[in-house]
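See below for the structure under consideration.
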């Protein structure tokens with residue numbers, strides 16, 4: 001059995017009892033700071049959750065025979081997280097957990113001090129981390145921050161850092177104990193969702209909803225300031241035939257390339273989005289009829305006059321354009 005369900009052998013109340021007994025024993029043996037730090041890790045890791053066991057010797061029986069500290073260490077290592085203990089006086093970092101898996105094999109050797117670690121944090125991340133630390137010290141609370149970390153010159157990851165600051169009697173920081181977790185996958189998904197909320201996945205231009213909102217804003221400005229404007233619908237001709245003859249991949253490539261060519265032809269303040277499979281919408285703010293006609297003719301020429309390079313070879317394309325003037 002490679003996966004251990006904690007709730008199948010130990011109830012949540014018993015887990016808390018184990019944590020409390022473990023906490024109390026450490027309080028006596030190692031002192032107040034160490035006990036608080038480890039108990040914070042126990043809460044952060046969450047032993048009530050499912051734990052993936054990477055080693056065959058970590059079975060239900062063997063874990064039951066081991067001490068609380070060993071079970072905590074097994075949970076931490078198999079979760080892929082790392083715990084750090086940083087002391088201000090000597091700038092030294094002590095690590096527990098799976099640091100090599102989290103930040104690379106060289107991390108266990110290279111990350112011995114706070115300065116060593118901060119060199120891997122991106123500049124924006126350092127600023128955000130410093131801000132959270134200041135707030136945590138002032139509020140005497142834990143902190144949570146996320147930043148990009150450079151594992152190697154060509155590899156970055158997103159790290160979530162959760163920590164507790166320990167202060168001396170004068171309120172100065174003397175120690176930080178915390179946990180690092182790789183959140184790259186979550187951040188990538190969030191970035192993708194944020195992108196798709198505004199942009200079309202294939203072309204990278206505004207999606208239909210965002211372009212409609214931009215058109216509404218342009219109409220409002222046109223009415224408020226008595227400005228002219230226009231709206232174009234640009235459709236790629238014969239795209240269904242390309243789909244039938246060469247497949248959807250070639251058609252998608254043609255849509256992408258035509259969209260790029262249209263975009264490069266527009267003015268800097270014009271807005272463009274994909275509104276249907278083969279159609280783009282273009283908002284032309286502050287454009288008189290002569291400006292609209294000029295843009296239309298330039299778009300027709302830009303698409304028609306040069307071949308497109310596709311996976312099926314070179315091909316030509318044309319577009320049809322409909323336009324309206326915006327009421328003032």
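The values are calculated or read from the model by the stated rules, or taken from the named source; none is laboratory data. Everything quoted here is computed from the prediction, not taken from an experiment. Neighbour counts are summed over all protein chains in view; Cβ atoms, including those assigned to glycine, are modelled from backbone coordinates with ideal geometry.
State whether one or more residues within the stretch 221-231 are surrounded by 12 or more Cβ atoms within 10 Å (Cβ to Cβ) and at pLDDT 95 or above.
Checked the stretch 221-231: at least one residue is surrounded by 12 or more Cβ atoms within 10 Å (Cβ to Cβ) and at pLDDT 95 or above.
So if I check each of 82, 74, 128, 107, which one is at negative phi, modelled with pLDDT of 95 or more and surrounded by 14 or more Cβ atoms within 10 Å (Cβ to Cβ)?
Every option except 128 fails the conditions.
What do you reckon, is residue 203 touching a residue at least 40 places away in the same chain (Cβ under 8 Å) and in a strand (DSSP E or B)?
Against the criterion (touching a residue at least 40 places away in the same chain (Cβ under 8 Å) and in a strand (DSSP E or B)), residue 203 does not qualify.
Which condition number does residue 251 fail, the rest of (1) touching a strand residue (DSSP E or B) at 6+ places or on another chain (Cβ under 8 Å); (2) in a helix (DSSP H, G or I); (3) crowded, with 21+ Cβ neighbours inside 10 Å being met?
(1)
So, residue 185, is that one within 24 Å of the chain's Cα centre (by Cα) and over 30 Å from residue 206 (Cβ atoms) or not?
No: the conditions fail for residue 185.
With (1) surrounded by fewer than 18 Cβ atoms within 10 Å (Cβ to Cβ); (2) in contact with a strand residue (DSSP E or B) (Cβ under 6 Å, 6 or more places away or on another chain); (3) touching a residue at least 60 places away in the same chain (Cβ under 8 Å); (4) part of a helix (DSSP H, G or I) as the list, and residue 296 as the residue in question, which single condition is left unmet?
Going through (1) surrounded by fewer than 18 Cβ atoms within 10 Å (Cβ to Cβ); (2) in contact with a strand residue (DSSP E or B) (Cβ under 6 Å, 6 or more places away or on another chain); (3) touching a residue at least 60 places away in the same chain (Cβ under 8 Å); (4) part of a helix (DSSP H, G or I) one by one, residue 296 breaks only (1).
So which residues in the stretch 133-153 are under 22 Å from residue 106 (Cβ atoms) and more than 16 Å from the chain's Cα centre (by Cα), if there are any at all?
151, 152, 153
I'd like to know if the stretch 280-292 contains one or more residues that are more than 20 Å from residue 205 (Cα to Cα), without any contact (Cβ under 8 Å) to a residue 24 or more places away in the chain and touching a helix residue (DSSP H, G or I) at 6+ places or on another chain (Cβ under 9 Å).
no
Do you know which residues across the stretch 299-328 are outside any loop (DSSP other than H, G, I, E, B), touching a helix residue (DSSP H, G or I) at 6+ places or on another chain (Cβ under 8 Å) and surrounded by 15 or more Cβ atoms within 10 Å (Cβ to Cβ)?
Scanning the stretch 299-328 gives 299, 302, 303, 308, 310, 315, 319, 321, 323, 325.
Out of 271, 239, report the one residue that is at pLDDT below 95 and in contact with a helix residue (DSSP H, G or I) (Cβ under 7 Å, 6 or more places away or on another chain).
Criteria check complete, one pass: 239.
Taking the stretch 115-131, which residues are under 25 Å from the mean Cα position of the chain (by Cα) and farther than 18 Å from residue 182 by Cα?
Across the stretch 115-131, the qualifying residues are 116, 123, 127, 130, 131.
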